[in-house]
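Student: First the structure, then my questions, so here it is.
What follows draws every value from the coordinates through simple rules; no lab data is involved. Keep in mind that this is a model prediction, so the values were computed, not measured. When we count neighbours, we look across all protein chains shown, and the Cβ atoms used for this are built from the backbone with ideal geometry, even at glycine.
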Amino acid sequence: MDIKPRPALTPWLTPLMPNPEAKYRLFCFPYAGAGSGIFRTWKNFLPAEIELFGVQLPGRENRYKEPLIKDFTQALNQLAQVMLPFLDKPFVLFGYSKGALFAYELALKWQQQGIKAQHLIIAASRPPAEIAADVSFKAAAISSEGTLKKIQDYQGTPQQVLNSKELLQIFIPILQADFSLLSTYQPSENGCVDCPISVLYGQKEADNSAIQANKWQDHTTQDCTLYSLPGGHFFIDDSPEELQEVLINLCHNFL
């Protein structure tokens, strides 16, 4: 078997499951306020034939000393450039909430260069136009009160974080930067990816119902499959076993 050497590492990508013999690579983009660490345990259940990377924006976890990025297009263009050498194998993009927009827009950007994703997995995200029209992200980006209201609406932040001034001093700037990313987001025109999309949504999240999830069908030339999971916006925590089952089945389909 001809094994290609892996490209030189970049701080934008955390190798969570290194595998030079991998048949394809899975890139995972986290939700607002989070880093690649939320995907660290996925190596415990994903098929051994893949190579798993978590995407790491500046200003969090091991990049906490770096300036936060607040403009979506700036972050997108940098990701598109630094990740390009890693697209020499078949690849799948997984994005959770804010991360779903990066996964989707990168798939479009690379597609224009003749590099097509094998699959796009969207989790806990409304369709692009609905995110772009949501003015609440701007309010959440400019004041601590707006930030706290937004994360309380999502009902996923641990109470011990909300009750800790020290932890809030760490997380509020990260969240505000990420909400700024969302407030500056503008969807690509004619944005249809030429690959299947799987859309995962929480049954208890009012803002992201099956009707909303099904609108992702308008953003692909191929099949769009919906997966309903117990829980709200953070079904990644509410229903980890159900999420694992869906991901395992999807990943085996790619092999």
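Student: Anything in region 125-163 that is over 21 Å from Pro30 (Cβ atoms) and not in a helix (DSSP H, G or I)? List them, or say none.
Tutor: Within region 125-163, Ala133, Val135, Ser143, Asn163 qualify.
Student: Suppose we keep only residues that are assigned to a helix (DSSP H, G or I) and not charged (D, E, K, R) within region 25-54. Which one would you say is surrounded by the fewest Cβ atoms within 10 Å (Cβ to Cβ)?
Tutor: Filtering region 25-54 for residues that are assigned to a helix (DSSP H, G or I) and not charged (D, E, K, R), the one surrounded by the fewest Cβ atoms within 10 Å (Cβ to Cβ) comes out as Asn44.
Student: Output the residues belonging to region 220-243 that are out of contact with any helix residue (DSSP H, G or I) (no Cβ under 7 Å at 6 or more places or on another chain) and more than 21 Å from Thr157 (Cα to Cα).
Tutor: Within region 220-243, Thr220, Thr221, Gln222, Asp223, Thr225 qualify.
Student: Are there any pairs, at least 6 apart or on different chains, whose C-beta atoms fall under 7 Å, with the first in region 34-49 and touching a residue at least 40 places away in the same chain (Cβ under 8 Å) and at negative phi and the second part of a loop (DSSP other than H, G, I, E, B) and not basic (Lys, Arg), and if so, which?
Tutor: Short answer, once both residue conditions are applied: Ile38/Pro30; Pro47/Leu255; Glu49/Ala22; Glu49/Leu255.
Student: State yes or no: is Lys215 closer than 24 Å to Ala133 by Cα, of a type in the set (Lys, Arg) and assigned to a loop (DSSP other than H, G, I, E, B)?
Tutor: no
Student: Does region 1-33 hold any residues that are within 19 Å of Leu243 (Cα to Cα) and without any contact (Cβ under 8 Å) to a residue 40 or more places away in the chain, and which are they?
Tutor: The answer is Leu16, Met17.
Student: If you don't mind, another one. When the residues of region 92-113 are narrowed to those that are aliphatic (A, V, I, L, M) and assigned to a helix (DSSP H, G or I), which ends up farthest from Trp12 (Cα to Cα)?
Tutor: The extreme case among them is Leu108.
Student: Same structure again: Taking only region 193-223 into account, find how many residues are hydrophobic (A, V, I, L, M, F, W, C) and surrounded by fewer than 20 Cβ atoms within 10 Å (Cβ to Cβ).
Tutor: Selection size over region 193-223: 4.
Student: On to the next question. Specify which of the listed residues (Lys89, Lys65, Lys116) is of a type in the set (Lys, Arg), in a loop (DSSP other than H, G, I, E, B), touching a strand residue (DSSP E or B) at 6+ places or on another chain (Cβ under 7 Å) and surrounded by fewer than 19 Cβ atoms within 10 Å (Cβ to Cβ).
Tutor: Lys89
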